[in-house]
Amino acid sequence: MSCSVTLKNLSYQNGGNILCRNIDLNITHKEKIAIIGPNGCGKTTLLNIIAGLQDKSSGTLEIFHNEIKSQDDYGPFRDMVGYLFQNSDNQFLSPVVIDDVAFSLLSSGISRDEALLKSRMILKDLGILHLENKIVYNLSGGEKKLVALAGVLVTEPKLMLLDEPTSGLDYKMQIRLVEILKDIDKSIIIVSHQKEFIDSIVDKIYEITPDGLVLV
């Protein structure tokens, strides 16, 4: 199934506060884009809607060519979308690195041996296999980010949503993350304030404005 995200005149309103208004967007197979805008403009809210974590207020959302009218409609596609949260601590489900990376695979019914094998392969690809038996909460910010990314990649999603992936990372780790994301052959949506970072990765940059998304 090819990856596609289509938003048509999508809006989200929380009480009297409109965070996203008249959003139109189409992301094609393996396209990488970034969404920018000031704090509070609705960037994370938009990612949450695309990830099926929040319902839109109005408009149309299509994931993999299927219209999503409620979070219940998202069920068949949830495993195809990987979401990297801004705060890595919110991502972790197990205290030990290897168990956390393998968690989603084990939950899907894959045998423990196969889940651990796949998890170690991902950790090796990211250059952090030496962390497999460490406690995630004792890691540095950069190490946490890579472990969280491993937990996303191990499920082999077709679409990746990354919310401020450079948050808490030093410059050296940001460069490492650029190298990793450039080599990932998937559709990716990045929310970030770091223009130098996203310029190195994405095909297009959109800005959230009061009137919708504008191609920068």
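Bear in mind these aren't lab numbers, they're just calculated from the coordinates by the rules spelled out. Computed from a predicted structure; not experimentally measured. A quick note on method: Cβ atoms are made from the backbone with ideal geometry, for glycine too, and the neighbour counts reach across all protein chains shown.
Simple spin-label estimate for Asp203 and Ile110 gives 2.7 nm between the two label positions (7 Å along the Cα-to-Cβ direction from each Cα). Available extension along the chain between His130 and Leu53 is 24.4 nm, counting 0.36 nm per residue and deducting the alpha carbon span. Report note on the peptides 175-184, 153-162: ranked by the mean count of other C-beta atoms within 10 Å, highest first, their order is 153-162, 175-184. Here the scattering of the chain is modelled by Debye summation over its C-alpha atoms, one equal scatterer each and no solvent; at q = 0.13 Å⁻¹ the log10 of I(q)/I(0) is -0.74.
Once the chain from His29 to Asp183 is taken as fully extended at 0.36 nm per residue, the excess over their C-alpha distance is 53.9 nm. Each helix, a run of at least 4 DSSP H residues, gives -39500 (n - 2.57); summed and divided by the residues of the chain, these come to -9000 deg cm²/dmol at 222 nm. Taking the DSSP beta bridges with both ends in region 5-215, the antiparallel portion is around 55 percent. Principal-axis analysis of the Cα atoms of the chain puts helix 141-153 at an angle of about 80° to the longest axis. Seen against the Cα atoms of the chain and their longest principal axis, helix 171-183 is set at about 80 degrees. Gain on full extension, evaluated as 0.36 nm per residue between Arg78 and His193 minus their Cα-Cα distance, stands at 38.7 nm. Structural descriptor for the chain: relative contact order 29 percent, calculated from alpha carbon pairs under 8 angstrom and at least 6 residues apart.
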